[in-house]
Amino acid sequence: MNQILTASLEELELPISQQKASIEIQPDLPRIYADPNRMNELFVNLLSNALKYGCDEQSECKIKIGAKHIDDELVFYVRDYGQGIEPAYHEKIFTLFQRLDIKRSGSGVGLAIVRRIMEIHNGRVWVESNLGQGATFWLAFPLKTQTHSSAENQDQ
């Protein structure tokens with residue numbers, strides 16, 4: 001996952017620089033068995049949103065990325081400290097063409113893509129947030145699909 005995040009951050013180098021964002025990544029994130037191109041697309045979408053909505057009107061733009069085991073899942077998170085999202089919209093933001101702030105650029109497909117990528121990987125995604133308190137996006141992968149041991153999977 002650290003390699004995928006490195007690629008995602010390289011892809012977002014300009015907006016990260018423009019926002020003067022500080023991105024803190026937990027060292028030695030767990031390895032997952034997933035399509036690396038889709039995981040890159042997933043993190044580019046999540047980080048783009050964090051840069052767009054989690055960094056406005058702040059003197060310090062900070063994003064945290066980490067992981068932990070919770071019950072029978074390997075769970076990653078992307079946390080920002082921006083404007084947050086009202087609970088009434090937590091599910092709506094994952095549907096196609098839904099944008100809560102029409103003044104900002106974007107197509108409204110990024111989080112729908114994130115949800116679809118997680119579904120393809122037998123995982124799930126959700127957000128925890130309140131207005132004015134930032135947002136944490138959670139990505140849960142079932143551990144049973146992360147226990148492959150073949151040499152072919154070791155290369156992913």
Chain lengthening between Glu24 and Lys68 when straightened (0.36 nm per residue, less Cα-Cα)
14.3 nm
7 Å from Cα along Cα→Cβ at both Asn37 and Ala88: what's the point-to-point distance in nm?
4.1
Please list, or write none, the lysines whose alpha carbon is within less than 30 Å of the alpha carbon of Lys20, excluding same-chain residues fewer than 8 places away.
Lys52, Lys62, Lys64, Lys68, Lys92, Lys103
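Read the figures in this text as sums done on the coordinates, not as results from a lab. Remember, it's a predicted structure, so these values are computed and weren't measured experimentally. FYI the Cβ positions are ideal-geometry reconstructions off the backbone, even for glycines, and counts take in every protein chain you see.
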